[in-house]
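What follows is a set of notes on a single structure, which appears directly below.
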Amino acid sequence: MTCAAAPDTGRAGADCAPDPITVLTDSAEQTAALAGALAPLFRAGDVLLLAGDLGAGKTTFTKGLARALGVTEPVTSPTFTLVRSYRTTPSPGTSTDACSVRSLVHADIFRLDHLREIVDLAIGEMLEEGALAVVEWGDLAIPVLGRDALVMSLLHGSGTDERSATFRLTGYWESRRDDLRARLRSWRSARRE
């Protein structure tokens, strides 16, 4: 049993909260560090949908998250394999329970043409086994995986390496808004116009 509900693949879409949270990073290292700062928020069964143009930092963010979750093997973009799974290792002194993330499932759905193909990846089943799913090009998967997802959009900023990370909370993520805000407190915030 996982701590997050399995996605309802029959739902037509996700209702995103109207109040997104946006922060800025100034480098790839900061984007990875942002992911590391958020790692303690994730529970078994969670879904993180990453959106952004090519080169926006989706894989960089995922690598930072994987490192913070104790993944020791190299994390690469699953552009051609579609899904990669990595075993996580708790930090020394960290207790584990039924809510602990046991594996990181990293998917890239850019090459998929139909929602049914996303369902066929069996991400829902992996979530039931204690995984955290991170889906690149995740905005395309909102109708399938977005019911209780954290949706993050990475956009190129005004500087060469600056990125804007906007978080939209859906479903039970809305109940974790205060925890997310607390984790983001040390990052520069950006006002959406």
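The values are calculated or read from the model by the stated rules, or taken from the named source; none is laboratory data. Note that the structure is a prediction, hence the values are computed from the model and not measured. We place every Cβ from the backbone using ideal geometry, glycine too, and count neighbours over all the protein chains shown.
Residues Gly70, Gly138, Gly57, Gly130: which one is in contact with a Pro (Cβ under 9 Å, 6 or more places away or on another chain), of a type outside the set (Ser, Thr, Tyr) and crowded, with 16+ Cβ neighbours inside 10 Å? Let's see the steps before the verdict.
Values: Gly138 fails: in contact with a Pro (Cβ under 9 Å, 6 or more places away or on another chain); Gly57 fails: in contact with a Pro (Cβ under 9 Å, 6 or more places away or on another chain); Gly130 fails: in contact with a Pro (Cβ under 9 Å, 6 or more places away or on another chain).
Checking each option against the conditions leaves just Gly70.
Which of the helices (runs of 4 or more DSSP H) contained wholly in the range 45-151 include at least 3 residues that are β-branched (Val, Ile, Thr) and within 14 Å of the chain's Cα centre (by Cα)?
Numbers: elements: 58-68, 115-120, 123-128, 142-145.
Helices (runs of 4 or more DSSP H) meeting the threshold: 58-68.
Which ones in the range 11-27 are modelled with pLDDT of 60 or more, within 24 Å of Arg147 (Cβ to Cβ) and either among the aromatic types (Phe, Trp, Tyr) or in a loop (DSSP other than H, G, I, E, B) (or both)? Talk me through it step by step, then tell me what you get.
Here is the first cut: in the range 11-27, the ones modelled with pLDDT of 60 or more are 18-27.
From what is left, the residues that are within 24 Å of Arg147 (Cβ to Cβ) are 18-22.
Those that are modelled with pLDDT of 60 or more, within 24 Å of Arg147 (Cβ to Cβ) and either among the aromatic types (Phe, Trp, Tyr) or in a loop (DSSP other than H, G, I, E, B) (or both): Pro18, Asp19, Pro20.
Condition check: at pLDDT 90 or above and under 23 Å from Arg163 (Cβ atoms). Does Leu140 satisfy that? Let's see the steps before the verdict.
On the way: at pLDDT 90 or above: no; under 23 Å from Arg163 (Cβ atoms): yes.
Taking the combined requirement at face value, the residue does not satisfy it.
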When the range 28-44 is checked residue by residue, the ones that are surrounded by fewer than 21 Cβ atoms within 10 Å (Cβ to Cβ), within 15 Å of the chain's Cα centre (by Cα), in a helix (DSSP H, G or I) and touching a residue at least 60 places away in the same chain (Cβ under 8 Å) are Ala37, Pro40, Leu41
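Please work out if Ser158 is outside any strand (DSSP E or B), closer than 18 Å to Leu24 by Cβ and hydroxyl-bearing (Ser, Thr, Tyr).
Numbers: outside any strand (DSSP E or B): yes; closer than 18 Å to Leu24 by Cβ: yes; hydroxyl-bearing (Ser, Thr, Tyr): yes.
Here the answer is yes, as Ser158 does meet what is asked.
Applying the selection to the range 155-170, what residues are aliphatic (A, V, I, L, M) and surrounded by 23 or more Cβ atoms within 10 Å (Cβ to Cβ)? Please lay out each step first, then the result.
We begin by selecting, within the range 155-170, every residue aliphatic (A, V, I, L, M); these are 155, 165, 169.
Scanning the range 155-170 gives a single hit, Ala165.
Considering only the range 140-178, state which residues are farther than 19 Å from Gly55 by Cα and of a type in the set (S, T, N, Q).
Within the range 140-178, Thr170, Ser175 meet the criteria.
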Starting from the range 97-117, take each residue that is among the acidic types (Asp, Glu) and list its partners that are modelled with pLDDT of 90 or more, counting only C-beta distances under 6 angstrom and pairs at least six apart or across chains.
-> Asp108/Glu136
